[in-house]
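All remarks here apply to the structure that follows.
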Amino acid sequence: MISNPSRRDFLKQTGSGVLALPGLLSTLSVADQSLISIGVCTSIDNAAIALDAGCVYLEEGVRRLLLPAQSDEEFRQKKDAADACGLPVRACNSFLPGSLKSTGPEADHEGVLRFAETTFRRAAETGVEYIVFGSSGSRRI
């Protein structure tokens, strides 16, 4: 049994990632299992696979789930699908598209603010707690 596994031990035991989670989790005590909250970055379309592997949440893409550049109706349909997928979506990644510059001489601060307002409003509606900035294309000068 591994008590408080290190990142190295976790990676060794999970090998190919999410598909090995049941094996890792079975080596932990019940107390240790209650301390671990494992999710995966994937589409809500893969929620059943993640759930079967022992994940307790998903991390989706901002533009794939929250659809900040699309209509409220399109977002509602995606939100309904997320609500029905079986796992909560706690975070979204890939915040800004590369075409929406947030730094440098081509920065579009007003555009970023409009995009962010829609993103954060829709994140709150879906229960998303974290937005991962990332967005290397947007930050590239």
Only residues in the stretch 89-106 that are over 16 Å from Thr119 (Cβ atoms) count as the first member; pair them with residues that are among the hydrophobic types (A, V, I, L, M, F, W, C) and surrounded by fewer than 20 Cβ atoms within 10 Å (Cβ to Cβ), Cβ under 9 angstrom, at least 6 apart or cross-chain, and list the lot.
Lys101/Ala107; Lys101/Val112; Lys101/Ile141; Thr103/Ile141; Gly104/Ile141; Pro105/Ile141; Glu106/Ile141
Scanning the stretch 23-52 for residues that are part of a helix (DSSP H, G or I) and at pLDDT below 65 gives Gly23, Leu24, Leu25, Ser26, Val30, Ala31, Asp32, Gln33, Ser34
Taking helices (runs of 4 or more DSSP H) that do not extend beyond the stretch 53-141, which have at least 2 residues that are open to solvent by 20 Å² or more (accessible area, probe 1.4 Å), modelled with pLDDT of 95 or more and of a type outside the set (Phe, Trp, Tyr)?
72-83, 109-126
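The values are calculated or read from the model by the stated rules, or taken from the named source; none is laboratory data. None of these values were measured; they are calculated from a predicted model. All Cβ positions, even for glycine, are placed from backbone atoms using ideal geometry, and neighbour counts span all protein chains on display. In case anyone asks, the SASA skips ligands and DNA or RNA and just uses the protein heavy atoms, side chains included. Shrake-Rupley method; radii C 1.70, N 1.55, O 1.52, S 1.80 Å.
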